[in-house]
Amino acid sequence: MSPHPPPPNPIPRPGRVPSPAPRGRRRGARRAVAAGLVLAAVSTVLAPGTAHAAGPVLTAEIVQTSTWSTGYSADVVITNTGDTESTDWTVEFDLPTGTELTNSWSAVHTASGNHHVFGNVSYNGDIAPGESEDFGFSVRGLALPADCTIDGADCGGGGEPDTQAPGVPGGLKVVSVTGNSVTLGWDTATDDTGVTGYRVSRDGTVAETTPATSATVTGLSPETAYTFTVAAFDAAGNVSSPSAPVTATTLPDSGDGEVIDVDTAAELTAALTAVGPGDTIRLAAGEYHGDFAANVAGTASQPITLTGPADAVLVNDGPSGSAPSCPEPTAGWDPGYGLWLYDSPHWNLTGFTVADSKKGIVIDASHHVTVDGVYVHHVEEEAVHFRNTSPDGVIRDSRITHTGLVKPQYGEGVYIGSANSNWDCYGNTGGADRSDRVQVVGNVIGPWVTAELIDVKEGTFDGVIRDNTFHGQGIAGQNSADSWVDVKGIDYLIEGNTGDFESPGVFAHGYETHNPSTSPSFQNGCGNVWRDNVSDLGGVGGWAINVTSTSKCSGNLNVVYASNTVSGATQGLTNITVTQ
């Protein structure tokens, strides 16, 4: 694709989504919600022959309509199971500490601390027998409402008590490890009335309780093996059986390194300046808005770690100020990056999320940086960029979606190196950007990544792209970005990846090579090897692996092994001879 331009002037950010408009009245029996998650099963079930109470009898059902890493939105559906029309209603519930109601609609809302009260508005208080009305709310945090009442009675209408335990959480995995902590993640459990939270046990003893699907267990000893399980619980106190266990061994003692706990943007900014070799900055859950940059080096034996749970979210509302001719930390200039490491080798970035920024994570002139278990989404340009000679980096077990929201032609998922037209800024190694030996391993990239899911630039060598999952839906096709992976680098190994494509999107091939001429000169786009990749081109893409030139690769040809497979291709596996 075309190179990124020099640093632009500040650009306007996309407008915020307005609050939902009042919903229309729901008449007749309410249909099952197909896309929502029922948080509290509250409908009343009358046994045969049970008499109705005279007058209106109201129940309330809370249904999640949208979820994201730091919160959710929900509807509260109020149904009249009585004999006469209601004239008004009042719903009350509590939100646990750490969960904040940020918006509501179609109701009059008041609050006292964590206790929230909602009354009807003019158009939704009168509910005929058998009919429903609703209102909605959004929260920051993942914990669910508790102690719900309607007109002073239980929201469930006094039905049978909940005695069913949630399902066992699946997919428990180790996200990151330090010398004294382990961060875990797992899949959402199911429950008939909704999961309230999770209990993480270490060696059989509960160590953490959280409403999220990740947790960091701290206070551990270095170089020690621990076994972890997780169990789900609901609002009635029912607890699932524990998950399958996982074992993690903490890292060696980093010497005099400190753990710096932060829970505000100001504290994070200060920590990024004060941190030293062997230190760990530990994020609490929450949103951090600011210009977060580090210019501090770790060492091979004492790397610096920035870690946090998935619901610790870094957001940059910039850019702002006057940009220098080439990006470098400059007083008064906010580049709009979610996180920026500049001349900061030997860092580990683990577990947290970056969102709603111009770029996601930018790594400049910083070798041996590992990005592990992060989630980058909803950024205006690329998600993760190894740039300005940042060799020996790793991004693994991470997730990237929704890039290029403002400039789709620059919405790469992982960007390695720089276009040669930008080497005047980033070519700090013999005139080239030598971000060599970068490994991209075990990530899920896409959908809605608008440029290449991985863009390997000219002049970079010996990288590895292994065991990733690529979802091509949403590739925009601008500036020739029309494949999962575009390889202009030299001697890369691309193996064990799985890719698919479905519309909408522009999709020419699964993998492509290109051979731009550069100064200094390299045999760009040559010597790369594909093996054991599985490609589903969705009936749209041509070749799974499209090698654009063999003549430019004399003596160092690209190699496609027969262990690669393809389906849904309009042309086939590859346009060059397959190696057995």
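Over the range 358-574, what percent of the accessible surface lies on carbon and sulfur atoms, probe 1.4 Å?
On the way: 3060 of 6560 Å².
Of all accessible area on the range 358-574, carbon and sulfur atoms account for 47 percent.
Want the number for residue 343 to residue 110: 0.36 nm per residue separation, take away the alpha-carbon distance, what's left? Kindly include the intermediate steps, with their values, before the conclusion.
Values: separation 233, 0.36 × 233 = 83.88 nm, distance 4.97 nm.
That works out to 78.9 nm of additional length.
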Calculate the length of the line joining the C-alpha centroid of the range 327-401 to that of the range 546-580, in whole Å.
32 Å
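Under 11 Å from the Cβ of residue 145, count the other residues' Cβ atoms, weight Lys and Arg +1, Asp and Glu -1, and hand me the total.
Residues near residue 145 contribute -3 overall.
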In deg cm²/dmol, rounded to the nearest 500, the helical mean residue ellipticity at 222 nm of the chain, built from -39500 (n - 2.57) for every DSSP H run of length 4 or more, is -500 deg cm²/dmol
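Convert 20 °C to kelvin, take the viscosity as 1.002 mPa s, use the Kirkwood radius over C-alpha pairs of the range 58-154 as Rh, and evaluate the Stokes-Einstein diffusion coefficient in µm²/s, rounded to a whole number. Walk me through the intermediate numbers first.
Working: Rh = 13.6 Å.
Translational D for this selection: 158 µm²/s.
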tail above 24 Å in the computed P(r) of the range 191-295, as % of all Cα-Cα pairs, reads 42 percent
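Before anything else, pin down the relative contact order of the chain: Cα pairs under 8 Å, at least 6 apart, normalised by residue count, whole percent. Could the numbers behind the result be given before it?
Working: 1786 pairs, mean separation 43.6, N = 580.
That works out to 8 percent.
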Between residue 480 and residue 205, Cβ-based FRET efficiency (R0 51 Å, step 0.05) works out to 0.35
Sorted peptide list for 258-268, 437-447, criterion being average Cβ within 10 angstrom, highest first:
437-447, 258-268
Show me 375-382, 193-200 ranked by packing, highest mean number of other Cβ atoms within 10 Å first.
375-382, 193-200
Please give the per residue accessible area of the chain, computed with a probe of 1.4 Å over protein heavy atoms only, in Å².
39 Å²
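Using a 1.4 Å probe on the protein chains only, how many percent of the accessible area of the range 170-249 belongs to carbon and sulfur?
C and S atoms contribute 47 percent here.
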For the range 206-248 and the range 131-201, what is the separation of their Cα centres, given in Å?
15 Å
May I ask for the net charge around residue 76, where only other residues with Cβ less than 10 Å from the Cβ of residue 76 are counted and Lys, Arg are +1 while Asp, Glu are -1?
-4
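Find how much the distance from residue 301 to residue 559 grows on full extension, using 0.36 nm per residue of separation minus their present alpha carbon separation; answer in nm with one decimal.
Numbers: separation 258, 0.36 × 258 = 92.88 nm, distance 3.72 nm.
Full extension of this stretch gives 89.2 nm more.
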List the GluC sites (Glu not before Pro) within the range 57-161 that DSSP assigns to loop and that have no more than 14 neighbouring Cβ atoms inside 10 Å.
85
Which percent, nearest 5, of DSSP beta bridges in the chain are antiparallel?
45 percent
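Share of Cα-Cα pairs in the chain beyond 43 Å, in percent?
Value for the chain: 29 percent of Cα pairs lie more than 43 Å apart.
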Of every hundred units of 1.4 Å-probe accessible area on the range 58-154, the number belonging to carbon and sulfur atoms, as a percent, is 47 percent
Using only the alpha-carbon atoms, how far is helix 265-274 inclined from the longest principal axis of the chain? Give it as 0 to 90 degrees, nearest 10.
30 degrees
Around residue 517, with a cut-off of 10 angstrom between Cβ atoms, what is the net charge of the other residues, counting Lys and Arg +1 and Asp and Glu -1?
0
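The values are calculated or read from the model by the stated rules, or taken from the named source; none is laboratory data. Since we're looking at a predicted model, the values are computed, not measured. Note: ideal-geometry Cβ built from the backbone for every residue, glycine included; neighbour counts use all protein chains shown. Heads up: the accessible areas ignore ligands, DNA and RNA and are worked out on the full protein's heavy atoms, side chains in. Shrake-Rupley method; radii C 1.70, N 1.55, O 1.52, S 1.80 Å.
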